[in-house]
Amino acid sequence: MSIHAHPDDQEFTVGGTLARWAREGAEIVTVCLTHGDAGSNRFTPPDMTRARLAQIREEEQRAACRVLGIKELVFLGYEDGVLTATIDMRREVTRLIRRHRPDTVVCGDPTVRFYGNRYMNHPDHRVAADVALDAVFPSAETRFIFPELLADGLAPHHVREVWLHGASRSDTYVDIAATLPQKIEALREHRRQLGDWDPSGMLKMWAREQGKPKRLRAAEAFRRMILDD
Ligand SMILES: [Zn+2]
């Protein structure tokens, strides 16, 4: 289960790994906490509304998932740009984990505030990562947390591994040489966000950088948590 704040977050960060896992037969569920309906930039026409943008971004995320080989996509419909780690949100993510029962959850690292000197991590990204981790542990596996989920027939579920991308300390490197073209193609499906910008140079550079510690030509780096039963 790949959990993110916005449409396109997954494609920027973990698309190569997910495409590889899908090729290897994994069933993947993508969860977007928002529709990305605040995602306006210089490419956004002045007459665009939030409702229309939400619809476009959902369609683009569906197309991107198809490219990566992901069949299941869930939107939780929280408001983009002002994501707050509420108990309601944790319950809804817990509900999805108990329903789909993933072996592995992929999300961001909520502790990272700055990436280099040029990008401050978006607050929605930190919240999405925080909520994903809190839902994995302890909520998903603890019977007496959110007892209302039991009443809905959703039994506790133990997630075995959590893979954090963009982590302050990476320890696991996935070779994405074979799926990097797919990652680029998937990101390109987010046409409204990208406008006329070609993301391939940046994604290739990131893949090269992340592969360096293991002498891989192209990789995605993670901090991998293996959770005791
Ligand atoms: Zn984002």
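The values are calculated or read from the model by the stated rules, or taken from the named source; none is laboratory data. None of these values were measured; they are calculated from a predicted model. So basically every Cβ, Gly included, is an ideal-geometry build from the backbone, and we count neighbours across all protein chains shown. Quick note on the areas: whole protein, heavy atoms, side chains included, nothing else; ligands and nucleic acids left out. Shrake-Rupley method; radii C 1.70, N 1.55, O 1.52, S 1.80 Å.
Among the residues of the stretch 48-60, some residue qualifies, meaning at least one is of a type in the set (Asp, Glu), away from the ligand (no atom under 16 Å from the Cβ), closer than 26 Å to residue 204 by Cα and open to solvent by 10 Å² or more (accessible area, probe 1.4 Å). Starting from the stretch 1-20, keep only residues that are closer than 11 Å to residue 187 by Cβ, then list their pairs with residues that are among the aliphatic types (A, V, I, L, M) and open to solvent by less than 10 Å² (accessible area, probe 1.4 Å) whose Cβ atoms are within a distance under 6 Å, requiring at least 6 positions of separation or different chains. Sorted first by the residue in the stretch 1-20, then by its partner, the pairs are 11/64; 11/186; 11/187; 15/68; 15/186; 16/176. Would you check if residue 169 is part of a loop (DSSP other than H, G, I, E, B), at pLDDT below 95 and surrounded by fewer than 18 Cβ atoms within 10 Å (Cβ to Cβ)? The answer is yes for residue 169. In the stretch 73-95, the condition of being open to solvent by 70 Å² or more (accessible area, probe 1.4 Å) and either assigned to a strand (DSSP E or B) or in contact (Cβ under 8 Å) with a residue 60 or more places away in the chain (or both) is met by no residue. Contact annotation: residue pairs with Cβ atoms under 9 Å, 6 or more positions apart or on different chains, pairing a residue in the stretch 40-62 that is at pLDDT 85 or above with a partner that is among the aromatic types (Phe, Trp, Tyr) and surrounded by 13 or more Cβ atoms within 10 Å (Cβ to Cβ), are 54/75; 58/75; 61/75.
Test residue 138 against the criterion of being away from the ligand (no atom under 16 Å from the Cβ), open to solvent by 50 Å² or more (accessible area, probe 1.4 Å) and assigned to a helix (DSSP H, G or I), and give yes or no.
On the way: away from the ligand (no atom under 16 Å from the Cβ): yes; open to solvent by 50 Å² or more (accessible area, probe 1.4 Å): no; assigned to a helix (DSSP H, G or I): yes.
Considered against the rule, which asks whether it is away from the ligand (no atom under 16 Å from the Cβ), open to solvent by 50 Å² or more (accessible area, probe 1.4 Å) and assigned to a helix (DSSP H, G or I), residue 138 comes out as no.
Filtered by the rule that a residue be in contact with a strand residue (DSSP E or B) (Cβ under 9 Å, 6 or more places away or on another chain), on the phi > 0 side of the Ramachandran plot and more than 16 Å from the ligand (Cβ to nearest atom), the stretch 141-173 gives no residues. Screening residue 108 on (1) under 19 Å from residue 64 (Cβ atoms); (2) away from the ligand (no atom under 14 Å from the Cβ) shows it passes everything except condition (2).
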